[in-house]
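Right, one structure below, let's go through it.
The values are calculated or read from the model by the stated rules, or taken from the named source; none is laboratory data. Keep in mind the model is a prediction, meaning the values are calculated, not measured. Cβ atoms come from the backbone with ideal geometry, glycine included; neighbour counts cover every protein chain shown. Keep in mind that these areas ignore ligands, DNA and RNA; they rest on the heavy atoms of the full protein, side chains included. Shrake-Rupley method; radii C 1.70, N 1.55, O 1.52, S 1.80 Å.
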Amino acid sequence: IKATGKAFRILSSSLYRDKIMAIVRELCCNALDSHVAAGCPDRPIYVGLPNAMSPHFLVRDYGTGMTHKEMMGLYTTYFDSTKIRRDDQIGALGLGSKAPFSYTDSFTVTAWDG
C-alpha cells in the first residue's frame, strides 16, 4: 500500500466504530505485547489520561524498544507486524499502531532502544 495521508485516513477512519476506545485499546495492547517480548509480561504499563494540566493521552511501556528504522517501518506500513509468527501476543495485523490516525492527523511516538 502506498503510504499517503489519504490512504492512512481512509484505512484508519473506517476501521473503528468507537475511535477513542480503539486508540486506547490498540496502544495499550501494543505496550503489553512489548512487555511479553521483553520477558516482563507482569510489569505494569503506564497510561496517562488527558486532564486540565496535560491535555495528552500517553501510553508508556518498558519493553523491547524500537530503533528509528523499526519505527519508520511499522508506523508507515499497514499490514506489517513484528508479531505475525508469535502466538503469545495480542496483535499481528499491523493495524493497531496506526489507530490514532482514526481520530487525529498526527501523533507523537517516543521510542527508546537499548
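For the reader, a short list of remarks on this structure follows.
- Tally of residues being exposed (fewer than 10 other Cβ atoms within 10 Å of the Cβ), without any contact (Cβ under 8 Å) to a residue 24 or more places away in the chain and within 21 Å of TYR62 (Cβ to Cβ) across region 93-114: 2
- From ALA31, ALA99, residue being modelled with pLDDT under 95 and touching a helix residue (DSSP H, G or I) at 6+ places or on another chain (Cβ under 9 Å): ALA99
- Every residue from region 50-59 that is closer than 20 Å to PHE101 by Cβ, loosely packed, with under 14 Cβ neighbours inside 10 Å and in contact with a strand residue (DSSP E or B) (Cβ under 8 Å, 6 or more places away or on another chain): HIS56, LEU58
- Residue check for LEU74: among the aliphatic types (A, V, I, L, M), within 27 Å of THR4 (Cα to Cα) and at pLDDT below 85: yes
- Hits in region 29-63 (condition: part of a loop (DSSP other than H, G, I, E, B) and of a type in the set (Asp, Glu)): ASP42, ASP61
- Applying the criterion of being of a type in the set (Val, Ile, Thr) and touching a residue at least 60 places away in the same chain (Cβ under 8 Å) to the residues of region 10-46, the residue that is most open to solvent (accessible area, probe 1.4 Å) is ILE20.
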